[in-house]
Amino acid sequence: MIEHNRQDNLEGRDRDTIVSTGMDFSEKERSGSFLQQDSGLMFARSLSDGLEIMEIKEALEKDPEAAGYFGANFRSTGRDFDRETEGGYFIRVKRGHTIEFPVQACLFLKQQGFRQKVHNLIVVEEGAKAYIITGCSASHSASEGMHMGISEFFVHNGAYLNFTMIHSWQESVSVKPVSIASVGEEAVFISNYVCLKPVRDITMYPTALLHGRKARTSFNSIILSHPGSLQDVGSRVALQAEETQAEIISRAVSLGGKVVARGHIKAAARNVKGHLECRGLILPEQGSIYAIPEMETDYRDVDLSHEAAIGRINKDEIEYLRCRGLSPREAQSLIVRGFMDVGVLGLPDKLKAEIEELENSTLKAGL
Amino acid sequence: MMLEVKNVSVEVSGRLILQGVDMHIRKGEVVVLFGPNGSGKSTLLKTIMGFEGYKVISGEILLGETRIDGLPVEERVKLGLGLMYQHPPQVRGVKLAQIAGRLSGNAGLIKEMSERLSLSSHLSRDINMGFSGGEMKRSELFQLILQDPGLLLLDEPESGVDLENISVMGKVLDGYLKEEGKSALIITHTGYILDYINARKGCVMIDGKMWCVGRPKEIFENIRERGYDKCMGCDDRAQSAR
Ligand SMILES: Nc1ncnc2c1ncn2[C@@H]1O[C@H](COP(=O)(O)OP(=O)(O)O)[C@@H](O)[C@H]1O
Ligand SMILES: [Mg+2]
C-alpha cells in the first residue's frame, strides 16, 4: 500500500487518470512501484527480492554499472539522443530472479504546458523474469503539455521481459517516446502498447535489436483513435543473430482519428523468422488508417511474412449478429471488443483481466 | 397462420429475383422448399429475415398479425424468427460461447446442446473461424436451438455434413420441432433431412416463382427421377398460392 501522505498530493481526478494506466495504489499484486509527476519523484520502491527500482538520477550517482547502461543502446546503433532529460526510472531485475507480480511505473504530466523529458533504463539480468506495466498519462490541467520519453531496455541472455505500456493522454498533449531494446541469447522481450484515450499526436517507433542466438521478440499494439488524434505508431526489429524471431501485431480502431501503423523487420542473419500483422477498423466515415508493413533481408534462408487488413466492419458480420437478436450498435461493440483482444499481449490472467477492464470501460464510453 | 408471404416480388442489386411469390406456413407446420441452384430460395429466406439489399418491391409479409416487411432484422428476431445460414460469415473476435450466452441464460442447455452437437471445444473459438463445413452447420443449429424461435428458417441445413452428423442434427431438429407450435421452412437439396423430420408440405421454386405444392417426399422423388423441368410443366402453379 502506498502511504496516504504520498498520495495526498494527488487530486481525485488525477488519481483516477493514473489508475487508468494500470497503477494499483494498494500494491496488493505488485512487486514494486514508481511514480513521477512532471519532473519530480512521488515515490519509488521495491517490494520484491531481486528487484531494484529508483529514480534514474539516484542510480547514475551511486551505481557505475547503471551509468554504463545509460545511452549504451544509442551508442551501439550509432544514434544520438537527447541529453536534456529530467527524471525517469531505473529498474533492474537481478540475475536469476523471477519477479512474481508486475512492477508498476507511471510518468504523470500535471502542469499546464509542461515539457516532460525522461530517460528510463530497464535491465533484466541473465535468466531473470519480470512483467512491467507502465503508464504515461496527463492531468486534465496539463493542456498543451509534451512528453518525451527515452527508454533503453537490456534483456540479457535467457531473460524474459514482458513490458506493457499504457498511454492515457488528453486532446492537447503531444507525445514522443523513443526506445531501443537489446535482446540477448535465448532471451524474450515482449513489448505491448495500449492507447485508448484521446491525444493530440503520438509518434513512436521503438526498436529491438536481437543480437543473441534464438532471441525472440513481439511487439503488440492496441490503439483506439479518437477524432482529432494522430497516432503514428510502429515498431522495428533487427534480427541480427541466427534463429531469432520477431512478431509485430497491431490492432487499430479509428473512431475518427488518424492512425499510421508501421512495422519493419530486418533479417540480418540466416534462419530467422519474422511476421507482421496489421488489422484496422474504421468506424465513422472520417477516420483514417495507413498501414505500412516493411520487411527486408540480406539472406535467402529467412522466413518473413506479413498480412494487413483495414477497412470498415464487414456488414455481413453485423447482419449475422443481428440475426441472433443483437442491435446494430451491440453487434458493432461486440466485434470491436473482440477485435481489440488483449489476449495477444501474453499477460498473466490477473493483469490481462485488469487491462480488459480498462478497455471495456473506455469502449463503453467511446462507442 | 404463422407466416404469410403474399405476392412478394424482390429486387437484389437492381435485379428482379423473386416474382409474385405466395406461400404460407401454419403454426406447427414444417414446409420444405425445393428448387434448382439460383432459383431464389435463399433470397426468399433472407427477405423474410429482412437482410439489407433485399428490396421488397411489391406484396407483403405477415408474421402472425404483424406486417414484418420493413422491420429491422433484430425486431423480426424478437417476433420469433430465426435463420440458419447456408453460408454463415466468419466473425473474428466473437466467441461462439459469447453468442450462446446471449441467446440463452440456461447454462445447462448450452452444455447439453454443445455436447450433443460435438461443439464443446468450439465454444471458445471465434465464430466460424476455421470451422469445417459441417461444424458451421452444427454451430448454426446450436445457436438456433438456444435462440428458441417460433419459426425456423433453415437454409440447406445438411449440405456439407457427413451422414453421421446429419443423423445427429436431424434428431436434434426433430426433437425441437416436436415442441408445441414450432414451425419451420427448410430448404434442402439432398433431401436427407426428410428422413428425420415430419414435414407434410413441400413446394418448389423455379426462376423466382413458386411452382407446385405437395407432399415433400413425392416432390423429392419426382425431382430425382425427372428433374425440375417436369415441375415447370406441372399445371399446379395457380394452386401454389393457396
Ligand atoms: N447480392 C446479390 N446480387 C446480385 N444477385 C444476387 C445476389 N444474391 C443472389 N443473387 C442472384 O439471385 C438469384 C437467386 O439466388 P439464391 O436466392 O441464392 O438462389 P438459391 O438459394 O435458390 O440457390 C441467383 O441468380 C443469384 O445469382
Ligand atoms: Mg441458396
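The values are calculated or read from the model by the stated rules, or taken from the named source; none is laboratory data. Note that the structure is predicted; figures quoted are calculated from it, not measured. As a convention, Cβ positions derive from the backbone with ideal geometry for all residues, glycine included, and neighbour counts pool all protein chains shown. Surface accessibility is based on the protein's heavy atoms, side chains included, excluding ligands, DNA and RNA. Shrake-Rupley method; radii C 1.70, N 1.55, O 1.52, S 1.80 Å.
Restricting to segment A:43-56, what's the tally of residues that are part of a strand (DSSP E or B) and either touching a residue at least 60 places away in the same chain (Cβ under 8 Å) or touching a Pro at 6+ places or on another chain (Cβ under 8 Å) (or both)? Of the residues in that region, 1 qualify.
Looking only at residues of segment B:94-106 that are touching a strand residue (DSSP E or B) at 6+ places or on another chain (Cβ under 9 Å) and crowded, with 21+ Cβ neighbours inside 10 Å, we find that the one that is farthest from the other protein chains (Cβ to nearest Cβ) is B:96. The set of residues in segment A:17-34 that are surrounded by 19 or more Cβ atoms within 10 Å (Cβ to Cβ), assigned to a loop (DSSP other than H, G, I, E, B) and among the polar types (S, T, N, Q) comprises A:21, A:31. Here residue B:72 fits the description: of a type outside the set (Ser, Thr, Tyr) and more than 10 Å from ligand 1 (Cβ to nearest atom). Taking (1) more than 16 Å from ligand 2 (Cβ to nearest atom); (2) in contact with a helix residue (DSSP H, G or I) (Cβ under 7 Å, 6 or more places away or on another chain) in turn, residue B:6 satisfies each apart from (2).
For segment B:27-45, check the following and say yes or no: at least one residue is within 14 Å of chain A (Cβ to nearest Cβ) and either at pLDDT 95 or above or away from ligand 1 (no atom under 14 Å from the Cβ) (or both).
Going residue by residue through segment B:27-45, those that are within 14 Å of chain A (Cβ to nearest Cβ) are B:42, B:45.
Still in the running and either at pLDDT 95 or above or away from ligand 1 (no atom under 14 Å from the Cβ) (or both): B:42, B:45.
Yes, segment B:27-45 has at least one match.
If a residue counts only when it is aromatic (Phe, Trp, Tyr) and in contact with a Lys or Arg (Cβ under 9 Å, 6 or more places away or on another chain), which strands (runs of 3 or more DSSP E) contained entirely in segment A:223-326 have at least 1 such residues? Spell out the reasoning first.
On the way: elements: A:230-239, A:245-254, A:258-267, A:272-282, A:288-297, A:302-311.
Of the strands (runs of 3 or more DSSP E) lying wholly inside segment A:223-326, those with at least 1 residues that are aromatic (Phe, Trp, Tyr) and in contact with a Lys or Arg (Cβ under 9 Å, 6 or more places away or on another chain) span A:288-297.
Just wondering, is there one or more residues in segment B:78-86 that are in contact (Cβ under 8 Å) with a residue 40 or more places away in the chain, hydroxyl-bearing (Ser, Thr, Tyr), buried (at least 24 other Cβ atoms within 10 Å of the Cβ) and within 14 Å of ligand 1 (Cβ to nearest atom)? Yes; the residues of segment B:78-86 include at least one that is in contact (Cβ under 8 Å) with a residue 40 or more places away in the chain, hydroxyl-bearing (Ser, Thr, Tyr), buried (at least 24 other Cβ atoms within 10 Å of the Cβ) and within 14 Å of ligand 1 (Cβ to nearest atom). Considering only residues of segment B:1-26 that are under 24 Å from residue B:218 (Cβ atoms) and open to solvent by less than 50 Å² (accessible area, probe 1.4 Å), which is nearest to ligand 1 (Cβ to nearest atom)? Of everything passing the filter in segment B:1-26, B:21 is nearest to ligand 1 (Cβ to nearest atom).
When segment B:123-153 is filtered for residues that are within 16 Å of ligand 2 (Cβ to nearest atom) and away from every other protein chain (no Cβ under 13 Å), the ones remaining, listed by number, are B:133, B:137. Of all residues in segment A:151-193, those that are touching an Asp or Glu at 6+ places or on another chain (Cβ under 9 Å), surrounded by fewer than 24 Cβ atoms within 10 Å (Cβ to Cβ) and aliphatic (A, V, I, L, M) total 3. Among the residues of segment B:188-222, the ones that are touching a Leu at 6+ places or on another chain (Cβ under 8 Å) and either free of Cβ contacts under 8 Å to residues at least 60 places away in the same chain or more than 22 Å from residue B:22 (Cα to Cα) (or both) come to 6 in all.
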